[in-house]
1. Residues with amide H under 5 Å of Gly69's amide H, sequence separation 5 or more or different chain, H placed in the peptide plane at 1.01 Å from N; which?
2. Any idea what the dipole of the chain comes to, in debye rounded to 20, about its Cα centre with Lys/Arg Cβ at +1 and Asp/Glu Cβ at -1?
3. In whole Å and largest first, what semi-axes does the C-alpha gyration tensor of the range 60-125 yield when each eigenvalue is scaled by 5 and square-rooted?
4. So which residue, out of Glu82, Glu58, Glu27, gets the largest mean-square fluctuation from a GNM of the chain using Cα contacts under 10 Å as springs?
5. Taking N as the number of residues in the chain, what value does Rg over Cα atoms divided by 2.2 N^0.38 Å take?
6. Give me the accessible area per residue for the chain, probe 1.4 Å, as a whole number in Å².
7. Under 5 Å between amide hydrogens, which residues at least 5 positions from Leu42 or on another chain qualify, with H placed 1.01 Å from N in the peptide plane?
8. Among Ile21, Phe85, Pro101, pick out the residue whose Cα is farthest towards the positive end of the charge dipole of the chain, where Lys and Arg carry +1 and Asp and Glu carry -1 on C-beta, about the Cα centre.
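The values are calculated or read from the model by the stated rules, or taken from the named source; none is laboratory data. As the structure is a computational prediction, the values presented were derived from the model and not from experiment. Glycine gets a Cβ as well: all are built from the backbone with ideal geometry, and neighbour counts include every protein chain shown. The area values use the complete protein model at the heavy-atom level, side chains included, leaving out ligands, DNA and RNA. Shrake-Rupley method; radii C 1.70, N 1.55, O 1.52, S 1.80 Å.
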Amino acid sequence: MTQNAENPVELFDMYVAHVGINAKNPEEAARIAEDFSLLMGLPAIETPKAVFSATLVETMKQNVRGTNGHIGFHVNDMPAAEKWFTERGFELNEESRALTPDGATRLIYFKREIGGFAIHLTTDK
């Protein structure tokens, strides 16, 4: 595999914002979050759709996106990142686009999974 001189890590200050895990139900999500709390000392924060382990792990209360879950990548320039990835053949799932109050894109998923994980870009940290 050839290395591209341009890479999104450098171009968009890209890093893993969080990993999403699909649980079968809310009880399993709570147990997974409890395990991360024991493992890493991360507080469990319950929301209607998920239990977060701080901001690092999002355990979904049911399978939502991705066969196994999802990976969220932070980018500092969403329009430029979208253009960069679409130019390389990664189609965006427009139905997943989430906007900030001022109308900018906060989050968008790609259509294709990688390794059983849905992938999204986010401006959230």
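1. Asn22, Ala118
2. Numbers: 12 positive and 18 negative charges, 54 e Å.
With Lys and Arg at +1 and Asp and Glu at -1, about 260 debye.
3. In descending order the semi-axes read 19, 15, 10 Å.
4. With Cα springs under 10 Å in the chain, the top fluctuation among Glu82, Glu58, Glu27 is at Glu27.
5. 1.11
6. Working: 7680 Å² over 125 residues.
Each residue of the chain exposes 61 Å² on average to a 1.4 Å probe.
7. Answer set, sorted by chain and number: Ser37.
8. Ile21
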